[in-house]
Amino acid sequence: MTIKWLKSRKFPEKEVYLLGSHYKVDKAKELGCDVFIEDRCENALDLFSAGFKVLLIDCYYNRMPLPKGIIRVKNWDEIHGEIIKFYREK
């Protein structure tokens, strides 16, 4: 479903990784990620601390205060908008 949505919104053809691990920093570094989409607050904080741009998908279980720089998003349209904004600013 995710890949179909990305294609319908004309995201660049890239590989999508769905990681089962809680610690994702090493994989993000290995892949050379620019932006990381996450739903677990602890992972988001780890990734942000390692220097990654993090989009945190808003869920009832992650509604704690966040450091400035982690962006809370509600849906794929907001994710798309934040990624476009990121690359325009880059």
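Just so it is clear, none of the values below were taken in a lab; they were calculated from the coordinates. This structure is a prediction, so every number in the text was calculated from the model and none was measured. Ideal geometry is used to build each Cβ from the backbone, glycine not excepted, and the neighbour counts take in all protein chains shown.
Quick one: what do you get for the stretch 2-89 if you divide its Cα Rg by 2.2 N^0.38 Å?
1.05
Would you list W76, W5 from fewest to most Cβ contacts within 10 Å?
Fewest-to-most Cβ neighbours within 10 Å comes out as W5, W76.
Taking amide H atoms as placed 1.01 Å from N in the peptide plane, list the residues 5 or more away in sequence, or in a different chain, whose amide H sits under 5 Å from that of R72.
For R72, whose amide H was placed from the backbone, the distant partners under 5 Å are L56.
Report the local net charge at I57: Lys and Arg +1, Asp and Glu -1, summed over other residues whose C-beta lies under 15 Å from its C-beta.
-1
Would you tally the net charge around E13, using a Cβ to Cβ cut-off of less than 14 Å, leaving E13 out, and scoring K and R as +1, D and E as -1?
+4
Arranged by the count of other C-beta atoms within 10 angstrom, fewest first, what order do E82, E38 take?
Going from least to most buried by this count: E82, E38.
Among I3, I79, which comes first, second and so on when ranked by fewest other beta-carbon atoms within 10 Å?
I3, I79
Run the reach check for K24 against lysines, Cα to Cα strictly under 16 Å, same-chain hits fewer than 8 apart removed. What comes back?
Result set, ordered by chain and number: K53.
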